[in-house]
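One structure is given below, encoded as structure tokens.
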Amino acid sequence: MNQISAKEPLDLSIHGMTCAACVRRVESALAAVPGVGSASVNLANRRARVSGDAPLDALLDAVDAAGYRASPAPKDLAEEAAEGRAEAAEFKGEVIKLTAA
């Protein structure tokens, strides 16, 4: 089981956030995980930075329980570009659904 280190914060990609209330829910869910020292979420880049000594699985489960999806954030530019394309495709699908409704 992977654990975050108190010395090196972990960045998570958060999917499904749309507003400041979403940010508060995700931050609260992460902060409630035993071993988390601090958690901050950025809506603009859909990332969370978590420091402390908590298992990665517990962090991912906490975000899922709050109604969002999380994954470890990519470390290199190619992975980040692929993530951006996936988010754009997801957004396009939501626009199509909204238009159809």
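The values are calculated or read from the model by the stated rules, or taken from the named source; none is laboratory data. Because the structure is predicted, anything quoted here is derived from the model rather than measured. All Cβ positions, even for glycine, are placed from backbone atoms using ideal geometry, and neighbour counts span all protein chains on display. These area figures cover heavy atoms from the full protein model, side chains too; ligands, DNA and RNA do not enter into them. Shrake-Rupley method; radii C 1.70, N 1.55, O 1.52, S 1.80 Å.
Below, the figures for the structure above:
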read-out: From ARG49, ARG85, residue being open to solvent by 90 Å² or more (accessible area, probe 1.4 Å) and either assigned to a strand (DSSP E or B) or at pLDDT 95 or above (or both); value: ARG49
read-out: Search result, residues across the range 26-40 that are assigned to a loop (DSSP other than H, G, I, E, B) and open to solvent by less than 60 Å² (accessible area, probe 1.4 Å); value: VAL33, GLY35
read-out: Among (1) exposed (fewer than 13 other Cβ atoms within 10 Å of the Cβ); (2) modelled with pLDDT under 80 - the single one THR99 does not satisfy; value: (2)
read-out: Selected residue (criterion: modelled with the lowest pLDDT) from residues of the range 68-82 that are open to solvent by 50 Å² or more (accessible area, probe 1.4 Å) and in contact with a helix residue (DSSP H, G or I) (Cβ under 8 Å, 6 or more places away or on another chain); value: PRO72
read-out: Near pairs, Cβ below 6 angstrom, 6+ apart or cross-chain, from the range 31-49 (under 11 Å from MET17 (Cα atoms)) to any residue that is open to solvent by 60 Å² or more (accessible area, probe 1.4 Å); value: none
read-out: Condition met for VAL23 (open to solvent by less than 90 Å² (accessible area, probe 1.4 Å), hydrophobic (A, V, I, L, M, F, W, C), touching a helix residue (DSSP H, G or I) at 6+ places or on another chain (Cβ under 6 Å) and at pLDDT 85 or above); value: no
